[in-house]
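Enquirer: To start, I am sharing the structure in question, which I have written as structure tokens.
No lab work stands behind these numbers, since they all come straight from the coordinates. A quick note: this is a predicted structure, and the numbers were derived from the prediction, not measured. Note that each Cβ is placed from the backbone with ideal geometry, even for glycine, and that neighbours are counted across all protein chains shown.
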């Protein structure tokens, strides 16, 4: 069953939201905080993950209409299509079932078998690498593992590995993604080929950046070792079986990526092998279990108390009615410094669309611009603009109640800053001198989580993935294709192949300058 194809701007609730905005657009958050029951009605907790969205320019009446928008857009039906494996990625004729990869039991026996086979293979490889049963060609235990991939084949994995580094099993991780040869050379300088395992992640095994890097690394390995049989040191994650074999990967070391898993959601399956090797199989299971718990919350909870749905509605409200173009993600954990970049890709690659599910140009805003950095670093850079600039930028603040280290004093300072900034954005500061005056009335959400564990990070990532789905569902766009990404790839291929006739004069001139400078 496909997703419905309702134009949200024609729904009664959308028209009501316009009226609500006209009526309440100048209301301050401080005034709205006086609403009866606001703390209770504007907060939700799920398994130690607490959302406070009281500091928003949203009244109870507006929230009620936003919930009505969910019902009128038939969100519940769309959520079921999502989890049931219906072909909701219509333009590519695929189901979207990355959620199945983190589920303990799926309704389809066929899907269940695929998921269990993939998971067992990941865990077996990870356990063997960690305990030394799987070694390099000299019999030495692996000390380093390198993930070779780009986009969805590396962003999520790198974010998780770094975010959960306190749980590392003492295997060093490296990520090669960009085609930049200088960076790849720098990574290789650090490595001993005898004790390094390489994972090539490419669904098609023909992504130009990935395959060029893989071939360069293969040549480096053979040059350093004089060993042409590379099968002990290379694993492939791909649906293309023949190309990895031709490359030299043993058939037993090729892990599949099901067609129903989009690249930017692939960390939950075979592409997450480096996560399991780095963290160990038990922590890897906990990551999956946390994500599955959030999926359950998303699928079963009423919209009024559904964290991904509420965050999606808040984004739609600011993007379409206040015309806020951007949202900032501010994690108060340096370990999560790559989370904003990961969510930038997951969100903007999904909902950066201008055509609806009826193949009509939309007349409303779809995906917003996602960006951010960690607190407290961010406070000493772009927070000046948040507080006193002319842009209205909603923010998600993410903090952890308990540190993983024993330094409670520094964590207390970190948490004080987290609390202070949301308060300052809301309250501002009235001063006689105009240059000191801080208007306030700037919105934020606060996500307060017990601690940064594999389980809790799994919940957090799945929260945002389900938020992304909700935004796309309500706004009547296809969130799971990426034709805009494909265009640039095809033009680049043409340039490399010498097919430049269709290029504009400016691009041809730049190409000529490049060739002259070589």
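Enquirer: First check a/c for segment 123-281, with a ≥ b ≥ c the square roots of the eigenvalues of its C-alpha gyration tensor; if it is under 1.5, answer rounded, and if not, answer prolate when a/b is larger than b/c or oblate otherwise.
Expert: It comes out rounded by the Cα gyration axes.
Enquirer: Quick one: check the C-alpha center-to-center distance for segment 352-369 versus segment 35-50, whole angstrom.
Expert: 32 Å
Enquirer: Round to the nearest 10 and give me the degree value, 0 to 90, for the angle of helix 408-427's Cα axis relative to the longest principal axis of the chain.
Expert: Tilt relative to the chain: about 50 degrees.
Enquirer: Between residue 508 and residue 187, how high is the FRET efficiency from 1/(1 + (r/R0)^6) when r is the Cβ-Cβ distance and R₀ = 30 Å? Nearest 0.05.
Expert: Numbers: r = 34 Å, r/R0 = 1.14.
After rounding, the FRET efficiency stands at 0.30.
Enquirer: Could you work out how far helix 483-497 tilts from the main Cα principal axis of the chain, as a 0 to 90 degree angle to the nearest 10?
Expert: Value to nearest ten degrees: 40.
Enquirer: Suppose R0 equals 35 Å. What FRET efficiency, 1/(1 + (r/R0)^6) with r the Cβ-Cβ distance, do residue 384 and residue 25 give to the nearest 0.05?
Expert: Computed FRET efficiency for residue 384 and residue 25 comes out at 0.90.
Enquirer: May I ask for the distance between the Cα centers of segment 268-291 and segment 377-392, given as a whole number of Å?
Expert: 36 Å
Enquirer: Given the -39500 (n - 2.57) contribution per DSSP H run of 4+ residues, what per-residue ellipticity at 222 nm results for the chain, rounded to the nearest 500 deg cm²/dmol?
Expert: Per the formula, -14500 deg cm²/dmol.
Enquirer: Stokes-Einstein at 37 °C, 0.692 mPa s, Kirkwood radius from Cα pairs: D for segment 229-326 in µm² s⁻¹?
Expert: Estimated diffusion coefficient is 196 µm²/s.
Enquirer: Can I ask one more? Helix 208-225 versus the longest principal axis of the chain: what angle, 0 to 90°, nearest 10, using Cα atoms?
Expert: Around 40 degrees separate the two axes.
Enquirer: If you don't mind, another one. Among 14, 46, which comes first, second and so on when ranked by fewest other beta-carbon atoms within 10 Å?
Expert: Final ranking by Cβ density, sparse to dense: 46, 14.
Enquirer: Related question: Could you tell me the calculated FRET efficiency between residue 15 and residue 138, based on Cβ-Cβ distance and R0 = 60 angstrom, to the nearest 0.05?
Expert: 0.25
Enquirer: Once you keep just the Cα pairs under 8 angstrom separated by 6 or more residues, what percentage relative contact order results for segment 123-281?
Expert: Here the relative contact order equals 32 percent.
Enquirer: Need the full-extension length gain, residue 109 to residue 359, defined as separation in residues times 0.36 nm minus the C-alpha distance. One decimal, nm.
Expert: Numbers: separation 250, 0.36 × 250 = 90.00 nm, distance 3.43 nm.
Here the answer is 86.6 nm.
Enquirer: From the square roots a ≥ b ≥ c of the eigenvalues of the alpha-carbon gyration tensor of segment 1-74, which class results: rounded (a/c under 1.5), prolate (a/b over b/c), or oblate? It would help to have the intermediate numbers written out before the result.
Expert: On the way: a/c = 3.14, a/b = 1.30, b/c = 2.42.
Oblate, since a/c reaches 1.5 and b/c is not below a/b.
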